[in-house]
Structures are given as structure tokens and as C-alpha cells.
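Q: The following block contains the structure, expressed as C-alpha cells.
The values are calculated or read from the model by the stated rules, or taken from the named source; none is laboratory data. None of these values were measured; they are calculated from a predicted model. FYI the Cβ positions are ideal-geometry reconstructions off the backbone, even for glycines, and counts take in every protein chain you see. Protein only, heavy atoms only, side chains kept; ligands, DNA and RNA dropped before computing areas. Shrake-Rupley method; radii C 1.70, N 1.55, O 1.52, S 1.80 Å.
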Amino acid sequence: MLDKLTGKPIHSIIQFIGILTLAVGLPLSKIPLSLGLMLLGLNVILCWDWKNVWIRWTSSKSLIYLLASFFIILVSLLWTSDYGKGMNNIRIIIPFFTIPLAITAIPLSNKKYYYIILLSFIISVFVTSLINVCAYFHWWGAKKYDDIRSLSLFISHIRFSMLVIMALALCIGWWIKKLPAQFLSFPLIIWFIFYTNLAQIGTGYLTLAGITLLAFVFILQRIRSKVLKITIFSLLLIGLSFVVGYFIIHLKPIPPKIKLTDNLRQTTTALGNSYYFAQFDKVSWENGYPVYAFLADSELRSEWNKVSKIPYDSTDLKGSPIQTIVIRYMTSKGLKKDAADFQKLTKKDIQNMENGMTSIEMEDGGLKSFLYQLKFQLKYMENPNGKSFLERVEFLKVGLHILKSNWMLGVGVGDIDTAFKYAYEQQKSKLFIENRHITHNQYITFWIIGGIVCFISFLLIWYYQLKFALKKQSFVWLSFIVISLLSFCVEDTLHTQVGATFTAFFMGLFIQNSGNNE
């Protein structure tokens, strides 16, 4: 409509501004995401070219199955008992369905717009990650950000890890396609890998591994020399062997470094106080040393209160008991828990404990710290509370239990929370009520909501994208698909505004750039 009135591609320009708003706003705030979506929706309405819009939507099999999935979820309201909750759940996930439709409804008039949007996204993620790191290391700002999750100040740390990996994939694609200023992609790639390792997010590590393997495949395909191809393939195998070995070494239980005997109970501290020893068969171990052994709690209390502003009987900056942290941390260093060994601690050790660090193994941060925490969770599987990996296992178990009796039609979009609440009670889950959530697996969640047909339709959305991305040999599109599909295994990505917007945004952008004919 506006194009006819002005004789200029006004709708395409508005479309560009709306998509650009989403690209820049994704790492920052929900507000620009809402504004961008409203602008795109308004633009489609003002354009009033429904015949061509419908042709563009139906020329993409991915969009057809996207519409089918949404229709099935709407129909599931018919067997939902809580209609109000159902409408609220639809409101949460609706960006996943509407954004691709809005983006593909009106083509961008200039191919350069596509690259400007992707570059703007990279810049936005880079600047946001830089702000996060500066705040975390206290290089600016007065507020304390000592929790590693503070590496994401604006949005969920899990969602931001996905944005970082997507920005990394775009930089790799930038390098593969040899676009202008190609040299800038390399330092950005290094930075995003550094950030992912620093952030210690499981989803980040998982998706990084996925696109790393994908990048190697693309490199191998483009090499003509058999010798060079074999060399790179060998390096890949060596790298994979190293990674597997690293995981095995850091997840393998450390054998006891001390043998506990009854005569140790007679030992005393340098100050003449008796040590406390738990029952030997019930002693937990930290880095090969017994935790509740060689413990002189009164001496620790006195020494700790001399050097820290946080009282010994209080909590650290994250709310965990300082007493437990001090005991575990000193144990991990092979120290006795008394005044003499406490004085062997450095200022850095004190800061580590104040920040909630329970083991010297966590001091280096990154993947090593992540694996240490995972090993600790696997060691104490009897209580999943507060252990993210074990909680997710529990979520999945309960989700699969619900599916056994609701695999055909699902429970309906409004009854998913009620179904999980009942299933947790039925399964007598050890999770506290506040820790009980839905599946954290997007595939199973959609299946529970709308049944087997909804599940299959959801898979077909990605099947046709994958098929066409492979045909086009588009690294960035394939990377997006890998990131999304892997995140769906461990997260309900589409049940958050940022997660749904991220997935829908790149889906719509890549489908539009392909000409809507996949």
C-alpha cells in the first residue's frame, strides 16, 4: 500500500528496520524484541498484499509445518481443562510461530540488508559480551558480579550462550565465504570461544562442539588435496581423542590419598584441640581428601572471622553456608581444618571461598571447573536438588512418564503444568516443589502438549530446513539448525521470549534469504 502511494520500497525499508531491531535487541532486552515484532506485524498489515504473502508462506515447507504445529497446539485447547493457562502458554511461545511469518511476508529489497543485519547481530553480541566480562572482573561499575552467571547481565545466561555460539558461527561463515574485512572474523572467533569457556554453560559447550565438528566437515569438503584432507582429518581425530581423554580424566573419581585409621582419632591440633572425624564409612571426599576429618571447627571460626567480613556462621555471596565452603575448600587443598593450616591460605583463597568456590579445582574456571561441578553432581546422585544436570534428568524422567499415557493427543497446552505437578507427586520425586519444572527438552514438551502429530510436525519444520541448507551448502544456516536442535535436547528454548525470538528470527531470516522455496 505504502509502496504504491510513494513509488518507493517503503515496506521493504520498514521490514529492514524491524528485522534489524530484533537482531540488535536479542542480546540486550525483551523491549526491542517486542517493538521489532510489532513493527514487522504492522508492516505486513499495512502492506495488505495477502495473496503474495500467502504464496511466500506456502512456498516453504518449513513454514507450512510451522503453521501446522501452531494449529495443532491451538486445537489442543479443546481437551485442555485450564483454558486461561492454555492461552497464557500460547502467548509465551507465539513468537516462535509469528516472527518467521512476519519476516518472510515481505522480501528485503536489497541483498546488502541481509549482511548488515547479520553483522549488526555480531556487533551487538560482541559489545554485550564485552560489557559482561568487564562487569564480572570489576573493571567498571561498583556492583559485585562474582557469580559466573553474571557473565550475562541483560538476559538469561543460557540464552546468551546460544547467541554467542551463533555469532561465532556467523564469523566462521564470514571467513569461509571470504567476505570483505575477512581478517576481522578471526579475533572475533577467538573472543567468542574464550567467552564460552569462561561462562561455563553446558548448552554453550554442547553447541560449540556441534558447530566445531560442522566447521571441520566444511573445511574438508573444500580441500582438493588428498594429503591435506587426510592430514586435517587426522588432526580432527587427534583433537576428538584429546577431548574425550580430557573428559575422562576430569570426570574420573579421584582415589583416596589418605587412609583413615582409628589411631587418627587420637591426634590433636597444634593448639591442643581434638579433631572431629565423621564415621569413616560415611566420610565424603574432596579431591582425594576426607572432608569431615581433621576438623577443628572452633579454630576455623576464630581464624576465618579474623580475615573476612563475612561471619563464619553466615553465607557466601550466593547464599551458601561459609562453614561448609571453608571445610570443603581446605580439604581440596589437602589441608587439615585447623588454625595452623588455615594460615597457609592466601588472600586469593579467602576471596575464592567468599565467592562460593568449594574446591581449588574450580579456581582455573572454564571447562575444568564445569567438569568438576558435573563430577560432584554425579557423585551425589541421591539428592538432585540444586544440581542442574541431575534436575534435568529428573525433569525428563517425569516427562517420559506423562507421555506413556498421553502419547497420542498430549495433555493440551493448558494442562502441561498440572500434568507435571501430578506426575511429580505420583513418582514421589525427590525434587523440592520450587525445583520442579517441565521437561527441559523441547521435543518432549511439544509432544506432551499436542501429541504425536504435533511432535512430528515440529520435527518436519527442521527436516526441511536441514534438507535445503544442505542443498545450498550454507554453513551459517546449518550452524543455526545445529545450535537449535542441540539446545532443544537440554532446554525448553521456545518457552522463553529470548529463546523463541532467537530461533524464530534466524529461521525466518534464512528462509527469506533462500527465496522461500525450500
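Q: Mind listing P(r) for the stretch 54-116? All alpha-carbon pairs, 5 Å bins, whole percents.
A: 4, 15, 22, 18, 15, 11, 8, 4, 3, 1
Q: Which whole-number value in Å³ per residue fits the convex hull of the alpha carbons of the stretch 361-501?
A: Convex hull volume per residue, Cα atoms: 139 Å³.
Q: Right, next: Using only the alpha-carbon atoms, how far is helix 442-472 inclined from the longest principal axis of the chain? Give it as 0 to 90 degrees, nearest 10.
A: 70
Q: Same structure, new question: Would you compute the Debye intensity of the stretch 317-372 from its alpha-carbon atoms alone, equal scatterers and no solvent, and pass along log10 I(q)/I(0) at q = 0.22, 0.23, 0.28 Å⁻¹ to two decimals?
A: -0.83, -0.89, -1.21
Q: Taking a quarter of the surface of the Cα convex hull of the stretch 336-402, what do you get in nm²?
A: Orientation-averaged projected area of the Cα hull: 6.1 nm².
Q: At a Förster distance of 30 Å, what's the computed FRET efficiency of LYS347 paired with LEU378, Cβ-Cβ distance as r, to 0.05?
A: So, using R0 = 30 Å, E works out to roughly 0.40.
Q: Suppose we keep just the alpha-carbon trace of the stretch 479-518; what are its Rg and Dmax in angstrom?
A: 10.9, 32
Q: Another question, then. Please report Rg over Rh for the stretch 251-298, where both radii come from the alpha carbon positions and Rh follows the Kirkwood definition.
A: Rg divided by Rh gives 1.00.
Q: Work out the charge dipole of the stretch 294-431 with +1 on the Cβ of Lys and Arg and -1 on the Cβ of Asp and Glu about the Cα centre, then indicate which of ILE327, GLN426, LEU409 is farthest towards its positive end.
A: LEU409
Q: Right, another one. So what does the Cα-only Debye profile of the stretch 382-465 read at q = 0.10, 0.21, 0.26 Å⁻¹, as log10 I(q)/I(0), no solvent term?
A: For the requested q values the scattering log ratios are -0.25, -0.91, -1.21.
Q: Say the dipole of the chain comes from +1 at the beta carbon of Lys and Arg and -1 at that of Asp and Glu; which of SER308, PHE455, THR439 then lies farthest toward its positive end?
A: The Cα lying farthest towards the positive end belongs to PHE455.
Q: Given 37 °C and 0.692 mPa s, compute D for the chain with the Stokes-Einstein relation, Rh being the Kirkwood radius over Cα pairs; round to the nearest whole µm²/s.
A: Roughly 127 µm²/s, to the nearest whole number.
Q: Can you tell me what the convex hull of the Cα atoms of the stretch 219-363 projects to on average, as an area in nm²?
A: 12.7
Q: Based on alpha-carbon centroids, what's the gap between the stretch 415-473 and the stretch 365-391 in Å, whole number please?
A: 24
Q: Could I ask something else about it? Please work out the C-alpha center-to-center distance from the stretch 178-248 to the stretch 303-350 and express it in whole Å.
A: Going from one Cα centre to the other spans 40 Å.
Q: Sum up the charges of everything whose Cβ sits under 13 Å from the Cβ of VAL398, counting Lys and Arg as +1 and Asp and Glu as -1, but leave VAL398 out.
A: +3
Q: Filter the trypsin sites (Lys or Arg not before Pro) in the stretch 87-189 to those in DSSP coil with at most 11 other Cβ atoms within 10 Å of their Cβ, and list the result.
A: Answer by residue number: LYS143, LYS178.
Q: Ok, one more. In Å², what does the accessible area per residue of the stretch 211-263 work out to with a 1.4 Å probe?
A: 78
Q: I'd like the distance separating the alpha-carbon centroids of the stretch 112-138 and the stretch 2-62, in whole Å.
A: If you average the Cα positions of each part, the centres end up 23 Å apart.
Q: Given points 7 Å out from each Cα along the Cα-Cβ axis, report the GLN221 to TYR443 separation in nanometres with one decimal.
A: The modelled label-to-label distance comes out at 2.3 nm.
Q: Here's something else I'd like to know. Among VAL44, ALA215, GLY25, flag the residue with its Cα farthest along the positive direction of the charge dipole of the chain, charges on Cβ as +1 for Lys/Arg and -1 for Asp/Glu.
A: In the chain, that residue is ALA215.
Q: Residue-wise, which Karplus ³J(HN,Hα) couplings in Hz belong to the stretch 330-345, taking 6.51 cos²θ - 1.76 cosθ + 1.60, θ = phi - 60°, and x for glycine or proline?
A: 5, 4, 4, 8, x, 9, 6, 8, 9, 5, 4, 6, 4, 6, 7, 6
Q: What is the set of long-range amide H partners of GLU286 at a cut-off below 5 Å, with H atoms built 1.01 Å from backbone N?
A: Amide H to amide H, under 5 Å and 5 or more residues apart or across chains, GLU286 pairs with VAL291.
Q: Would you mind computing, in nm to one decimal, how far apart the modelled labels at ARG265 and ILE92 are, each placed 7 Å from Cα along Cα→Cβ?
A: Placing both labels 7 Å beyond Cα along the Cβ direction yields 5.3 nm.
Q: Also, quick follow-up: Kirkwood hydrodynamic radius, computed over distinct alpha-carbon pairs, for the stretch 108-257: how many Å, to one decimal?
A: 17.6
Q: What share of Cα pairs, in percent, lie more than 24 angstrom apart in the stretch 1-125?
A: Summing the P(r) of the stretch 1-125 above 24 Å gives 37 percent of all pairs.
Q: Hey, how much of the P(r) for the stretch 214-299 falls beyond 18 Å, as a percent of Cα pairs?
A: The proportion of pairs with Cα distances above 18 Å equals 64 percent.
Q: Tell me the chymotrypsin sites (Phe, Trp or Tyr not before Pro) within the stretch 421-468 that lie in a loop according to DSSP and have at most 16 other beta-carbon atoms within 10 Å.
A: PHE432
Q: OK, next. Computed over the Cα atoms of the stretch 366-415, what is the ratio Rg over Rh, Rh following Kirkwood?
A: 1.19
Q: Quick one: in the stretch 156-231, what % of C-alpha pairs are over 18 Å apart?
A: Of all Cα-Cα distances in the stretch 156-231, 45 percent exceed 18 Å.
Q: Roughly how compact is the stretch 319-432, stated as its Cα Rg over 2.2 N^0.38 Å to two decimals?
A: So the Cα radius of gyration is 1.51 times the expected 2.2 N^0.38 Å.
Q: Another question about this same structure. Looking at the stretch 219-292, which trypsin sites (Lys or Arg not before Pro) are in a loop (DSSP not H, G, I, E or B) and have at most 13 other Cβ atoms within 10 Å?
A: Taking the stretch 219-292 and a limit of 13 other Cβ atoms within 10 Å, the loop trypsin sites (Lys or Arg not before Pro) found are ARG224, LYS257, LYS259.
Q: If you don't mind, there's one more thing I want to ask. Ignoring ligands, DNA and RNA, please state the percent of accessible area on the chain from carbon and sulfur, probe 1.4 Å.
A: Percent of accessible area from carbon and sulfur atoms in the chain: 65.
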